Amino acid sequence: MEEIVVLAEHRDGELRDITFEMLTIANQLGKENDMAVTALFLGHEASDLSNRLKGACDTILLMEDPELAHYNADHYLMAIETVIKSRNPIVTVIGHTAMGMDLAPVMAARLSLPLVTDCVAVNVVDKKLDVLRQIYGGKINAQLTMKPSDQYLITLRPGSFDAEVEQGKSADTQTVPAPSWTDLKGRQFLGYIEAELKDVDIAAADILVSIGRGIGKPENISLVQDFADSIGATLSCSRPVADEEWLPKSRQVGTSGKTVRPKIYIAFGISGAYQHQAGMKNADTIIAVNTDPRAPIFTIAHYGIVEDMFKVLPLLTEKFAK
Ligand SMILES: Cc1cc2nc3c(=O)[nH]c(=O)nc-3n(C[C@H](O)[C@H](O)[C@H](O)COP(=O)(O)OP(=O)(O)OC[C@H]3O[C@@H](n4cnc5c(N)ncnc54)[C@H](O)[C@@H]3O)c2cc1C
């Protein structure tokens with residue numbers, strides 16, 4: 001049976017959401033094309049963490065070594081190379097994260113693998129990989145069919161697939177010995193420095209209440225904040241609001257901001273330009289409030305209110321604050 005290998009991503013003892021997002025699409029491809037799904041876990045003393053993937057794949061390949069305790073491109077490359085050469089998976093999937101962007105191009109060159117990065121959809125058609133990626137800042141969707149190959153390498157854009165992967169499987173764990181690192185003198189892991197978190201992480205919020213230029217002036221933000229507080233939501237925004245510095249840049253949703261995937265996204269006074277949609281269109285439920293019935297946000301909203309947000313907001317706050 002052909003195999004899809006997903007490179008599990010973890011940091012500081014936590015699995016990253018992208019791992020589950022990759023497993024979601026890998027399982028879908030596996031089901032449709034009769035392929036086994038394998039999670040490759042590189043780490044050190046990490047069996048507890050890797051076991052959390054048991055329900056979401058057919059096999060866990062666990063390679064443990066002190067040198068794999070933290071991400072180091074040199075060691076990761078050698079480790080993955082060993083696995084790919086011995087197992088010849090048809091597809092290897094890596095997250096389009098800082099780690100994946102560092103790894104994938106070198107892997108593709110070293111192993112002569114065809115690579116497409118930053119994919120937002122993947123299908124197998126006639127044994128060839130069909131992928132979708134966005135170009136020109138999300139303005140154009142490019143559908144690519146990869147040339148026939150025995151093996152493919154892709155990176156997936158975070159937030160493009162469901163992180164709630166179906167947990168019906170019961171994977172076997174196979175331990176794989178780490179290769180010898182003797183001649184590896186390139187990079188050394190010195191320490192991990194967490195970026196200073198000056199604000200909340202909107203990507204982690206379950207409910208986002210988002211404001212656009214329709215808010216008019218910063219003094220009006222408190223009205224939206226009251227509503228957000230009444231439903232336990234976090235405030236986010238479109239680019240003009242961040243550009244005006246009415247909210248910090250870290251709250252901006254979109255191609256030049258953050259990609260979010262909350263359970264509920266409520267957009268007030270946001271037109272829904274494609275650069276904004278690209279960052280939020282995968283929210284479970286989208287609710288839009290806009291005076292313009294032709295605003296593009298309504299093309300992706302599940303629920304819409306064509307009305308002045310300043311009339312709607314106090315009513316909603318009153319309703320939920322009770
Ligand atoms: C390279 C590039 C990257 C970009 N990246 C991003 C990005 O990451 N994120 C992003 O958001 N944008 C981004 N943009 C900008 C994007 O193209 C749009 O200009 C922007 O999203 C528009 O923001 P908006 O919807 O808040 O404002 P507008 O498009 O001006 O829309 C305001 C909306 O508010 C409505 N409105 C006005 N008053 C009210 C009211 N009282 N009640 C209800 N509705 C009201 C209007 O009908 C209108 O639809 C980018 C652009 C470029 C070129």
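Rounded to the nearest 20 debye, what is the charge dipole size of the range 202-321 about its Cα centre when +1 sits on each Lys and Arg Cβ and -1 on each Asp and Glu Cβ?
Numbers: 12 positive and 12 negative charges, 81 e Å.
Here the size comes out at about 380 debye.
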Per-residue HN-Hα couplings for the range 112-118, Karplus 6.51 cos²θ - 1.76 cosθ + 1.60 at θ = phi - 60°, whole Hz, x for Gly and Pro?
6, 9, x, 10, 10, 9, 6
Using a Förster distance of 25 Å, how high is the FRET efficiency between residue 201 and residue 303, based on the Cβ-Cβ distance and rounded to 0.05?
0.45
If you take every residue apart from residue 63 with its C-beta less than 14 Å away from the C-beta of residue 63, what net charge results, scoring Lys and Arg +1 and Asp and Glu -1?
-3
Got a number for carbon plus sulfur as a percent of the chain's accessible area, 1.4 Å probe?
50
Could you compute the FRET efficiency for residue 51 and residue 263, with r as their C-beta to C-beta distance and R0 at 30 Å, rounded to 0.05?
0.65
At 1.4 Å probe size, what's the solvent-accessible area of residue 101? Round to the nearest 10 Å².
100
Which percent, to the nearest 5, of DSSP beta bridges fully inside the chain are antiparallel?
25
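How large is the dipole of the range 1-99 about the Cα centre if only Lys and Arg carry +1 and Asp and Glu carry -1, each at its Cβ, rounded to the nearest 20 debye? Please report the intermediate quantities before stating the final value.
Values: 7 positive and 17 negative charges, 38 e Å.
Computed charge dipole of the range 1-99: roughly 180 debye.
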For residue 65 and residue 243, compute 0.36 nm times the residue count separating them, minus their Cα-Cα distance, and round to one decimal in nm.
59.5 nm
DSSP-assigned coil residues among trypsin sites (Lys or Arg not before Pro) in the range 131-237, each with at most 11 further Cβ atoms within 10 Å
185, 187, 198
Per GNM of the chain with C-alpha springs under 10 angstrom, the most fluctuating residue out of 103, 144, 42 is 144
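Can you show me the helix-derived [θ] at 222 nm for the chain, built from DSSP H runs with n ≥ 4 at -39,500 (n - 2.57) apiece and divided by the number of residues, rounded to the nearest 500.
On the way: 9 runs with 91 residues, N = 322.
Computed ellipticity for the chain at 222 nm equals -8500 deg cm²/dmol.
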Amide H contacts under 5 Å for residue 173, placed H, 5+ residues apart
60
Computed over the range 184-322, protein heavy atoms only, probe 1.4 angstrom, the accessible area per residue in square angstrom equals 56
I'd like the FRET efficiency for residue 111 and residue 34, computed as 1/(1 + (r/R0)^6) with the beta carbon distance as r and R0 of 22 Å, rounded to 0.05.
0.35
Tell me, how many Å apart are the Cα centres for the range 146-219 and for the range 236-278?
20
Top positive-direction residue, dipole computed over the chain with Cβ charges, set 104, 300, 148
300
Using alpha-carbon coordinates, inclination of helix 73-87 to the longest axis of the chain, degrees:
60
Pairs of alpha-carbon atoms within less than 8 angstrom and 6+ residues apart define the contacts here; what relative contact order does the chain have, in percent?
15
Solvent-accessible area per residue for the range 1-137 at a 1.4 Å probe radius, Å²?
40
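What's the magnitude of the charge dipole for the chain around its Cα centre, counting Lys and Arg as +1 and Asp and Glu as -1 at the beta-carbon? Answer in Debye, nearest 20. Walk me through the numbers on the way to the answer.
Details: 31 positive and 43 negative charges, 190 e Å.
In debye, rounded to 20, the chain gives about 920.
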In the range 260-295, the trypsin sites (Lys or Arg not before Pro) that fall in loop regions by DSSP, at most 16 other Cβ within 10 Å:
263, 294
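The values are calculated or read from the model by the stated rules, or taken from the named source; none is laboratory data. Being a predicted model, the structure only gives us computed values, none of them experimental. Note that we place each Cβ from the backbone using ideal geometry, even for glycine, and neighbour counts take in every protein chain shown. The accessibility values were calculated without ligands, DNA or RNA, using every heavy atom of the protein model including side chains. Shrake-Rupley method; radii C 1.70, N 1.55, O 1.52, S 1.80 Å.
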